[in-house]
Amino acid sequence: MPYDTPHDPDQLHGLLLAAGRRDAQAFRTLYDATSPKLFGFALRILHKRELAEEALQDGYVAIWHAAGTYQAALAAPMTWMTTIVRNKALDIRRRLDQPVEIDADGFDSEVIAALAAAGPGPAETLQRSTEAQALAHCMATLERRHQQAIGLAFFHDLTHGEVAQQLSLPLGTVKTWIRRGLEKLKNCLARREAP
């Protein structure tokens, strides 16, 4: 398959479908086209080349196994793969006991990038960058633990159970943090919208 545009969503979608049918050549093409960007992404999270390589390898193993479940209606191919690699990088940081925090500036730029991405994503309901900035501001006002729980649940598409597992916390605690955090977000956003 000729591969003209490295991040063309249609071509990446086709490669993911082929990988889901266990087409090793399509998966290799997918890897060659996307690994530089995903490696850079992992490196920004982990700051060490060997750790970023580990996250990338773990991510592509997960992508290979999950390619058959990929649904274009839920996320663009790069968004889906980036989420997987990011989760692997965060797993490594947790394993090394490095705190995983959602940086307000980085969070803001990620929301805006998600808005610009071709295809639907978790942030698609945000319609303007001003709304994304308001959300980032309000996220920054939350306690760090609420930021983490909400970020993992809504911007990484994890279930409450997966968030609990990622944070090594009881499910009830995670549900409470998410509920309280969302309530604070709602109140903060309402105050920012008030004339």
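The values are calculated or read from the model by the stated rules, or taken from the named source; none is laboratory data. Keep in mind that what you see is a predicted model, and the values were worked out from it rather than measured. Here the Cβ positions follow ideal geometry from the backbone for every residue, glycine too, while neighbour counts run over all protein chains shown. The accessibility values were calculated without ligands, DNA or RNA, using every heavy atom of the protein model including side chains. Shrake-Rupley method; radii C 1.70, N 1.55, O 1.52, S 1.80 Å.
For region 159-184, the candidate set comprises residues that are within 21 Å of ALA136 (Cβ to Cβ) and over 20 Å from the mean Cα position of the chain (by Cα); within that set, the residue that is surrounded by the fewest Cβ atoms within 10 Å (Cβ to Cβ) is GLU183. Restricting region 19-38 to residues that are within 22 Å of the chain's Cα centre (by Cα) and of a type in the set (Ser, Thr, Tyr) leaves a set whose member that is most open to solvent (accessible area, probe 1.4 Å) is TYR31. Only one of the numbered conditions (1) on the phi > 0 side of the Ramachandran plot; (2) touching a residue at least 60 places away in the same chain (Cβ under 8 Å) is violated by HIS47, and that is (2).
Regarding ARG86, is this residue charged (D, E, K, R) and within 20 Å of LEU158 (Cβ to Cβ)? For ARG86, the condition - charged (D, E, K, R) and within 20 Å of LEU158 (Cβ to Cβ) - is met.
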